[in-house]
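Asks: Dropping the structure in here first, questions after.
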Amino acid sequence: MADPLLDLRTVLFVHAHPDDETLATGGLIAELAARGVRVAVLTATRGEQGEVVEGPLSALAGTPELTAHREGEVAAACAVLGVREHAFLGEPPARAGAEPRRYTDSGMRWLDETETVAGPGDQAGPDSLTSASPDEVAADIAAYARAIAAEGIVSYDAHGGYGHPDHVALHAPSRTAASLLELPFWEVASEVDPGDALDTPQHLALLQEALGHYASQLTVDGSDVVHVGGQRQPIQTRFTVRRP
């Protein structure tokens, strides 16, 4: 149930890439912010493996400039949603060790013909999120949650929304971080339960504005987003948030 989550003072959302916070939980973040909750977002990678929408930004694909651009996109989107704090995993204060580290995007490829089982992309390197120790990831999440005095942590369920390996890789460490700090953990269900859903249609215009800052990654078309590959997806305004 989302109700206890809505009553907290500070909530930390843990996401894999720039745009995930808005696509997967933007309505929930906006609702919390509207209620006066201090919302923080921790982004694990900078979406280095992501494709680029054809057009003026196409030249960014595969370049170091793409990373900086997507850092700007997530900052702008978070500001629209009402996020008070944002950080990247592995950089202080989201780092438990003495030296900062950068977790990189693992990319994604389907491992079966039915496109239901996903794995890291062919370009995933030793610094990728999926190559990292889950204990190290959990310690870094916990360090940030402690630094901002979070009262609860929200992230993906075990399926990671649609099976992206970076999403899946954050589920267990986020739960572990919450356990280490004795905080409640909520997962956003991959499938909405009609009998246990939080509806946030009042925030659709805000989500459209926030998603508009992700011009390198998607196109907003009315109440839908169109991804790089042409896939059309309704902007999510309904969520099932549960304690696993």
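Asks: Failed condition for Ala150, given (1) among the small types (Gly, Ala, Ser); (2) assigned to a loop (DSSP other than H, G, I, E, B); (3) open to solvent by 60 Å² or more (accessible area, probe 1.4 Å), with all others met?
Replies: So Ala150 meets the others, but not (3).
Asks: If Gly27 satisfies every condition in (1) out of contact with any Ser or Thr (no Cβ under 6 Å at 6 or more places or on another chain); (2) farther than 22 Å from Ala169 by Cα but one, which is the exception?
Replies: (1)
Asks: Something else about it: Those residues that are of a type in the set (A, V, I, L, M, F, W, C) and open to solvent by 60 Å² or more (accessible area, probe 1.4 Å), I need them from the stretch 47-67; list them, please.
Replies: Across the stretch 47-67, the qualifying residue is only Ala59.
Asks: Which of the residues spanning the stretch 180-209 are open to solvent by 70 Å² or more (accessible area, probe 1.4 Å), assigned to a helix (DSSP H, G or I), over 12 Å from Glu31 (Cβ atoms) and of a type outside the set (A, V, I, L, M)?
Replies: Glu209
Asks: Checking Gly27 against (1) modelled with pLDDT of 95 or more; (2) farther than 22 Å from Ala143 by Cβ; (3) surrounded by fewer than 24 Cβ atoms within 10 Å (Cβ to Cβ), which single condition isn't satisfied?
Replies: (3)
Asks: I'd like to verify a number: residues in the stretch 25-73 that are of a type in the set (A, V, I, L, M, F, W, C), closer than 28 Å to Ala147 by Cβ and free of Cβ contacts under 8 Å to residues at least 60 places away in the same chain, how many?
Replies: Total meeting the criteria: 7.
Asks: Can you report the number of residues in the stretch 194-216 which are farther than 19 Å from Leu32 by Cβ and at pLDDT 95 or above?
Replies: Final tally of qualifying residues: 5.
Asks: If I filter the stretch 90-108 for residues that are farther than 22 Å from Ala149 by Cα, in contact with a strand residue (DSSP E or B) (Cβ under 9 Å, 6 or more places away or on another chain), open to solvent by 70 Å² or more (accessible area, probe 1.4 Å) and in a loop (DSSP other than H, G, I, E, B), do I get at least one hit?
Replies: yes
Asks: Given the residues Val225, Val220, which is the only one that is open to solvent by less than 30 Å² (accessible area, probe 1.4 Å) and in a strand (DSSP E or B)?
Replies: The unique qualifying residue is Val225.
The values are calculated or read from the model by the stated rules, or taken from the named source; none is laboratory data. It should be emphasised that the depicted structure is a prediction, and the values quoted were computed from it without experimental measurement. When we count neighbours, we look across all protein chains shown, and the Cβ atoms used for this are built from the backbone with ideal geometry, even at glycine. For the accessible areas, the whole protein counts, side chains as well, though only heavy atoms, and no ligand, DNA or RNA atoms are used. Shrake-Rupley method; radii C 1.70, N 1.55, O 1.52, S 1.80 Å.
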